[in-house]
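Working notes, structure below.
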Amino acid sequence: MAETMRAVDIKDGTGPATSLYINSSTPKPTPRPTDAIVKIKCFGLNRMDLLQREGHYPVPPQAPKTLGVEFSGTIESFGSDAEKGFKKGDEVFGLAYGGAYAEYIAVSTHMLMHKPKELSWEQAAGVPETWITATQAMYLVGEFAPGKSILWHAGASSVSISGIQLSKADKASAIYVTAGSQEKIDFCVKELGATAGFNYNTQDWAKEILKVTDGKGVDIIIDFVGATYFQGNLDAAARDARIVTLGALSGTKLPAGVDIGAFVRKRIRFEGSSLRSRDEDYQGKLRNTLADHALPKMREGIFKILVEKVFSWEQIVEAHQLMESNKTKGKIICKID
């Protein structure tokens, strides 16, 4: 008889937050040759989890049905051809195609990192998806270089919190953010080091950016919002700008009257990107970039890993409802009891 474990499941396959429950008869995963089995201590919540729960996220074919892509824990066992440098009992954190809302996960060792002693289990579980996504969007897709200006939409989101800090450390000429409250803007500016922020509920952020840049605009725009920000992004973009879209929270259908002339006039490049659908080699390179450039600053306390709230995983419904409220700054983490 196959071994079982506890994992978060969804009644009827998809549904609202209240459909989440812990299923104590979930099959325990078995490792592929390049995998490790990790006993999970904590896992992080991400916006994609909400979409997947509702049946609106394109899950990679190799992903298990269990939610969750980032975690911290200890290595229990290995497949037959695991990456060197790890051993049983190692404290690790990592990124997976899915399956992190569970007691155990099978994950490629290419996507594991040793947990620094300076980071708590809760902090470590909140690093992989957000920091690797910010790294990918900013450097690989956005082609950031010191001296360029950058705009992070959803400034108090976990990805943008990471991105603001990366931008500052690598000497961006200016770092702008948008957010839905003055509290979040103050947080981004005063605590993270953003140059300025704009409240999308009370300001025309694209016009404000053109004002503070003397009409030049910004070199790189990282967007999660989609349709309703499309025109604003084109207006706020500088000549030869890069617009990187990581989501479409406002929808994918453009409103009537959108003027795409700026693409030609300002030589703008628009590119969408997704981390979860990338192959292991690509994700592994990003892991190495994170380990080399960001982890040392995390150990030293220069980069802040901000955890909004830690829940017992028995409170997974409340955790998802908090994320849905859009009132958080930083990560929501669940701890497996």
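So here's what we get for this one:
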read-out	value
Qualifying residue in the stretch 301-310 (condition: under 16 Å from residue 40 (Cα atoms) and loosely packed, with under 14 Cβ neighbours inside 10 Å)	no
Any pair with Cβ under 6 angstrom, 6 or more apart, that starts in the stretch 95-123 at a residue that is assigned to a strand (DSSP E or B) and at pLDDT 95 or above and ends at one that is surrounded by fewer than 19 Cβ atoms within 10 Å (Cβ to Cβ) and basic (Lys, Arg)	104/28; 104/39
Considering residues of the stretch 228-240 that are in contact with a Lys or Arg (Cβ under 7 Å, 6 or more places away or on another chain) and surrounded by 17 or more Cβ atoms within 10 Å (Cβ to Cβ) only, the residue nearest to residue 151 (Cα to Cα)	237
Count of residues meeting criterion [assigned to a loop (DSSP other than H, G, I, E, B), within 27 Å of residue 193 (Cα to Cα) and touching a residue at least 60 places away in the same chain (Cβ under 8 Å)] in the stretch 258-287	2
Out of 208, 183, sole residue that is under 22 Å from the mean Cα position of the chain (by Cα) and surrounded by fewer than 22 Cβ atoms within 10 Å (Cβ to Cβ)	183
Residue check for residue 290: buried (at least 20 other Cβ atoms within 10 Å of the Cβ) and in a helix (DSSP H, G or I)	yes
Which listed residue, of 225, 218, is buried (at least 20 other Cβ atoms within 10 Å of the Cβ), hydrophobic (A, V, I, L, M, F, W, C) and in contact with a helix residue (DSSP H, G or I) (Cβ under 8 Å, 6 or more places away or on another chain)	218
Hits in the stretch 108-118 - residues which are over 18 Å from the mean Cα position of the chain (by Cα) and not basic (Lys, Arg)	108, 109, 110, 114, 116, 118
Long-range neighbours under 8 Å by Cβ, at least six apart or interchain, first residue touching a residue at least 40 places away in the same chain (Cβ under 8 Å) within the stretch 197-212, second surrounded by 15 or more Cβ atoms within 10 Å (Cβ to Cβ) and of a type in the set (S, T, N, Q)	197/178
Per-region count, the stretch 320-337, residues farther than 15 Å from residue 70 by Cα and not in a loop (DSSP other than H, G, I, E, B)	5
Any hit, the stretch 267-279, residues being of a type outside the set (S, T, N, Q), in contact with a His (Cβ under 9 Å, 6 or more places away or on another chain) and surrounded by fewer than 19 Cβ atoms within 10 Å (Cβ to Cβ)	no
The stretch 109-149, residues that are surrounded by fewer than 20 Cβ atoms within 10 Å (Cβ to Cβ), closer than 15 Å to residue 295 by Cα and charged (D, E, K, R)	117, 118
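Let's see how each residue does on (1) assigned to a strand (DSSP E or B); (2) in contact with a Leu (Cβ under 9 Å, 6 or more places away or on another chain); (3) charged (D, E, K, R); (4) surrounded by 19 or more Cβ atoms within 10 Å (Cβ to Cβ):
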position	(1), (2), (3), (4)
32	no, no, yes, no
36	yes, yes, no, yes
40	yes, no, no, yes
52	no, yes, no, yes
55	no, no, no, no
68	no, yes, no, yes
73	yes, no, no, yes
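The values are calculated or read from the model by the stated rules, or taken from the named source; none is laboratory data. Computed from a predicted model, the values in this text were never measured in an experiment. A quick note on method: Cβ atoms are made from the backbone with ideal geometry, for glycine too, and the neighbour counts reach across all protein chains shown.
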